[in-house]
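Just below is one structure, and these are the notes that go with it.
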Amino acid sequence: MAFTRREFIQTTGTATAAYSVLASSGCLKRVEHKTTDVSTVAEEFVPGVCLQCPGGCGILVKTVDGRAVKIEGNPAYPSNRGKTCPKGQIGLQILYDPDRIRGPLKRDGARGSGKWKPIPWDQAIAEVAGRLGEVRASGRPESLVVMGGRYRGQMGDLFGRFCDAFGTPNNVGHSSICEDGSPFGHWATQGFKSYAGYDWDNCRYVLTFGGSFLEAWRPTAGNLARYGSMRRGKEGQRFKLVVVDPRFSVTAAQADEWIPVNPVTDGALAMGMAHVIVRDGLYNKKFVEERTFGFEDFTGADGKKHDGFKTVVLRDYAPERVSKITGVPEKTIVRVAREFAANQPGIAAGARGASMQTNGIYNRMAIHALNGLMGSIDSPGGVLVQNGPPFSPWPAVSQDDLAKRGAAMPRLDYAHTDRYPLAGKVYQDIPSRIAEQKPYAAKALILYYTNPMFSTPEVDRWRAAIAKLDFVVSFSPFMDETSAHADYVLPDHTYLERWHDDTIYPSVGYPVWGMRQPAVAPVFDTRNAADTLMAIAQRMGGTVAASFPWKDNQELLRARARGIFEARAGNVQAGDFETWWKTFLQRGVWTNPPYEFASDDPARWKRVLSTPSGKFEFYSQALEKELHHAAETRAAGGNVEKALDSVLTDLGIAARGDEVYRPHFEPPRFVGDKAQYPLHFITYKTVTHAEGRGANTPMVQEHFNVQTGEAWTADCQMNPDTARRLGLSNGDPVVIESAVGAVRARVRFAPHHPDVVVMPYELGHTHYGELARGRGVNPNHVIANENDRLGGLAAFSATRVRVRHA
């Protein structure tokens, strides 16, 4: 990659300058590993929880004369320890944004025409409840689709409860376009289907595959602070960070080493490193012998002999072969593998770049296998399994016969069928299913904190889909692209105006529960979406109303909190519930450290290793069971082995036999012929990305892309050698074209892998506010809707593109 000295300094200098900005905000100062126990908060500060990303950092909101004027970090919150990241500061601009929807709206013209009629809340709730009642009265409750984004706290369960009571199976969360590959990789090998926490404070070596630790890895503020601590190191111990990614990210710029791997070959590289570790005898022999299944050759219960992970990795993943696949020099594979093994405790982690691909689950299984080899599972400096708070249980949902029948129908997105065997939801397929009216017609759509007409791959599919719907209602506080096509908008409060809890994102391991409480009175005539949903359910009557016995969200939160009070544990304890609740609100957080490692108590391994064998599985028996179930369903009494081959073919899985159930390199699939579309398109989130809400916010748009120094816009980035070969100069206008669409941008030189085109995600809105509208481009017009069909994951780097001068 030939760079001039000026170009190199410009690129790396901008990233370093951005890093300095973050440091000066307090994000990177050395912090104590113990949080400050804040027993009370000054009256002018109201404790809360940020909602600019799923990290859910604790904040303190300063108010003066009833107005919020400053946001600080809450030092009692263990994930961010009193700090905030750049996007955590924008809450005030969101709260007082003049483009917020100021009250309930009813469509008063053609859908999408922008013509609205303000209506009172009582009328809005009555009419929406009536329209939903008509859907049930038609005998087709399953025709309702609920799409949710950043639920947090009890909101996901609350909307799920509404779906169950209403009688629809179509509760479609957004995680299949987020980062579902990692939970599936953990489930297949370790038995827990969620993200992992990491003991960064005690880690010596980090291998991150396709994950930007300093930009978009939650919680951002906590990671920035921990990075500062890790960089300073401990006496006699040096920390090293190695980034595997075709994109030269901010994290890569700040890492000890960047490995520009060929796109979507992360799993092969992980397996090559495993080969070296096993070949050289560097793995944790005690852990592998006592706590793993399928490492050595074994004989199954049916008497069939199986090759073990050890045999396969030594036979199939020699560094020479892996180097040809990944483009990483053989000597680098050997050196980094040996370094990783010699500098434990260490962590091998992956995120969106490795997991949200056509081979994403197998990539993550391969990466996590490195942790299994080194015994870096639930041990100091390793991978943690997050504990949740001991909430009081939900009361049973009331279902009439109609709800039971509707809820038993197949899902509209074919999740957990032989089409997507592991999937819990396939968000990105919903527009195609609505447009095709298969497996049945959808009639109504409810939206909560999600904007599918902007955030879905091959986004233009939504125009045909939404026209098929009879009824659309949105809870968005902003007129986003999808809300603009709704029939009713019931605007939510912002997170500084409402009661809304938050259970910590997997990070520190021990339970943490925070509370968003109103820092100020509502600025406009908005309502808490939880209260609105309850009011709609209660207006509908019958078993739907009976499933929502609370008068408002605060009463629900208090009911759930009683379980925590009765546990008599953690930093908040009291003799009676009212005192406990008051103290909890004053502190803004309930937390129950320390994290108890399974390595300290053998009985805890049952929670940490919840696989069929009770061990870390190099041969996934859970995955084998699910795929055989899909095959048996398809066979319908016929030849199961033939049906299994058919299932794997339809899933696009090349592996056969035992390899299907083991970590391995599964060749990726791409959309677009390589001869016509020679480059890989990669999108990413910047450190200022605030789940779409930042696009209309001056504070973050002034520093939108800290790596390139861009503000208020987003250009595409290319390796200068590649650009010059195409006759492009730095700053030239270009067209980026795929088999499904095209966008215009300007090209900027950056030292990425020479085969990729890179563009940040968040801009290109047609709605969302005056400052967001008509600025930048939305890369989802270019990205094809290709999936990891095993888990129903959107494959964000599966699209090939070509670039030409505009």
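The values are calculated or read from the model by the stated rules, or taken from the named source; none is laboratory data. The structure presented is a predicted model; accordingly, all values stated were derived computationally and were not measured. With ideal geometry, Cβ positions are generated from the backbone for all residues, glycine too; neighbour counts draw on all protein chains shown. In case anyone asks, the SASA skips ligands and DNA or RNA and just uses the protein heavy atoms, side chains included. Shrake-Rupley method; radii C 1.70, N 1.55, O 1.52, S 1.80 Å.
Can you name every residue in the stretch 701-714 that is out of contact with any Lys or Arg (no Cβ under 6 Å at 6 or more places or on another chain) and touching a residue at least 12 places away in the same chain (Cβ under 8 Å)? Across the stretch 701-714, the qualifying residues are GLN701, HIS703, PHE704, ASN705, VAL706, GLN707, GLY709, GLU710, TRP712, THR713, ALA714. Pairs are defined by a Cβ separation below 6 Å, a sequence spacing of at least 6 or placement on different chains, a first member in the stretch 380-402 that is in contact (Cβ under 8 Å) with a residue 60 or more places away in the chain, and a second member that is buried (at least 18 other Cβ atoms within 10 Å of the Cβ) and among the aliphatic types (A, V, I, L, M); the pairs so defined are VAL383/ALA196; VAL383/ILE377; VAL385/VAL608; PRO389/ILE564; PRO390/ILE564; VAL397/ALA165.
Within the stretch 350-406, being among the charged types (D, E, K, R), open to solvent by 10 Å² or more (accessible area, probe 1.4 Å), touching an Asp or Glu at 6+ places or on another chain (Cβ under 9 Å) and modelled with pLDDT of 95 or more holds for one residue alone: ARG405. Does PRO329 meet the test of being within 30 Å of TRP513 (Cα to Cα), modelled with pLDDT of 95 or more and not charged (D, E, K, R)? For PRO329, the condition - within 30 Å of TRP513 (Cα to Cα), modelled with pLDDT of 95 or more and not charged (D, E, K, R) - is not met. Could you check, for the stretch 487-501, whether at least one of its residues is acidic (Asp, Glu), over 30 Å from ARG516 (Cβ atoms) and out of contact with any strand residue (DSSP E or B) (no Cβ under 6 Å at 6 or more places or on another chain)? No: the stretch 487-501 contains no residue that is acidic (Asp, Glu), over 30 Å from ARG516 (Cβ atoms) and out of contact with any strand residue (DSSP E or B) (no Cβ under 6 Å at 6 or more places or on another chain).
Summed over the stretch 444-461, residues that are of a type outside the set (Ser, Thr, Tyr) and within 27 Å of HIS493 (Cα to Cα) total 8.
For SER323, the criteria (1) open to solvent by less than 40 Å² (accessible area, probe 1.4 Å); (2) in contact (Cβ under 8 Å) with a residue 60 or more places away in the chain hold in every case but one, which is (2).
Across the stretch 225-261, the qualifying residues are those that are of a type in the set (A, V, I, L, M, F, W, C) and in contact with a Lys or Arg (Cβ under 7 Å, 6 or more places away or on another chain), and the one among them that is surrounded by the fewest Cβ atoms within 10 Å (Cβ to Cβ) is PHE239.
Inspect all residues belonging to the stretch 166-178 and state whether any of them is in contact with a helix residue (DSSP H, G or I) (Cβ under 6 Å, 6 or more places away or on another chain), surrounded by fewer than 22 Cβ atoms within 10 Å (Cβ to Cβ) and among the hydrophobic types (A, V, I, L, M, F, W, C). Checking the stretch 166-178: not a single residue is in contact with a helix residue (DSSP H, G or I) (Cβ under 6 Å, 6 or more places away or on another chain), surrounded by fewer than 22 Cβ atoms within 10 Å (Cβ to Cβ) and among the hydrophobic types (A, V, I, L, M, F, W, C).
For the stretch 641-668, filtering for residues that are in a loop (DSSP other than H, G, I, E, B), among the basic types (Lys, Arg) and open to solvent by 50 Å² or more (accessible area, probe 1.4 Å) leaves 1. Scanning the stretch 774-790 for residues that are open to solvent by 10 Å² or more (accessible area, probe 1.4 Å) and over 21 Å from ILE653 (Cα atoms) yields GLY774, ARG775, GLY776, VAL777, HIS781. One residue stands out among those in the stretch 585-633 that are open to solvent by 10 Å² or more (accessible area, probe 1.4 Å) and of a type in the set (Phe, Trp, Tyr): the one that is nearest to THR417 (Cα to Cα), which is TRP605. If only residues of the stretch 575-629 that are among the polar types (S, T, N, Q) and under 27 Å from LEU60 (Cβ atoms) are counted, the one that is nearest to the chain's Cα centre (by Cα) is THR591.
Only one entry of ASP492, ASP413, ASP525 meets the criterion of being in a loop (DSSP other than H, G, I, E, B), acidic (Asp, Glu), open to solvent by less than 30 Å² (accessible area, probe 1.4 Å) and closer than 19 Å to TRP116 by Cβ, and that entry is ASP492.
The listed residues are GLU555, GLU617, GLU596, and the only one of them that is within 30 Å of TYR661 (Cβ to Cβ) and among the acidic types (Asp, Glu) turns out to be GLU617.
In the stretch 202-221, how many residues are assigned to a loop (DSSP other than H, G, I, E, B), open to solvent by less than 30 Å² (accessible area, probe 1.4 Å) and not aromatic (Phe, Trp, Tyr)? Residues in the stretch 202-221 being assigned to a loop (DSSP other than H, G, I, E, B), open to solvent by less than 30 Å² (accessible area, probe 1.4 Å) and not aromatic (Phe, Trp, Tyr): 7 in total. Is it true that some residue in the stretch 557-565 is open to solvent by 30 Å² or more (accessible area, probe 1.4 Å) and either basic (Lys, Arg) or closer than 30 Å to ARG102 by Cα (or both)? Among the residues of the stretch 557-565, at least one is open to solvent by 30 Å² or more (accessible area, probe 1.4 Å) and either basic (Lys, Arg) or closer than 30 Å to ARG102 by Cα (or both), which makes the answer yes. Only one entry in ALA631, ALA643 is at pLDDT 95 or above and touching a Leu at 6+ places or on another chain (Cβ under 8 Å), namely ALA631. Test GLU127 against the stated conditions and say whether it is closer than 20 Å to ALA546 by Cα, surrounded by 21 or more Cβ atoms within 10 Å (Cβ to Cβ) and among the acidic types (Asp, Glu). No; evaluated as a whole, the condition is false for this residue.
Please determine, by comparing only the residues of the stretch 455-484 that are touching a residue at least 60 places away in the same chain (Cβ under 8 Å) and in contact with a Ser or Thr (Cβ under 7 Å, 6 or more places away or on another chain), which one is nearest to ILE430 (Cα to Cα). Here the answer is ARG461. Annotation: SER507 fulfils all but one of (1) in a helix (DSSP H, G or I); (2) under 26 Å from the mean Cα position of the chain (by Cα); the unmet one is (1). Considering LEU728, LEU793, LEU771, the condition of being buried (at least 22 other Cβ atoms within 10 Å of the Cβ) and either modelled with pLDDT of 95 or more or not β-branched (Val, Ile, Thr) (or both) is satisfied by LEU793 alone.
In the stretch 71-101, which residues are of a type in the set (Lys, Arg) and under 24 Å from PRO491 (Cα atoms)? Answer for the stretch 71-101, where residues must be of a type in the set (Lys, Arg) and under 24 Å from PRO491 (Cα atoms): LYS87, ARG100. When ASN343, ASN371, ASN359 are screened for being at negative phi and in contact with a Lys or Arg (Cβ under 7 Å, 6 or more places away or on another chain), only ASN343 passes. Go over the candidates VAL276, VAL264 one by one and state the one that is surrounded by 20 or more Cβ atoms within 10 Å (Cβ to Cβ), touching a Pro at 6+ places or on another chain (Cβ under 9 Å), part of a loop (DSSP other than H, G, I, E, B) and among the aliphatic types (A, V, I, L, M). Just one listed residue meets the conditions, VAL264.
In this structure, is ASP502 part of a strand (DSSP E or B), crowded, with 24+ Cβ neighbours inside 10 Å and acidic (Asp, Glu)? It is true that ASP502 is part of a strand (DSSP E or B), crowded, with 24+ Cβ neighbours inside 10 Å and acidic (Asp, Glu).
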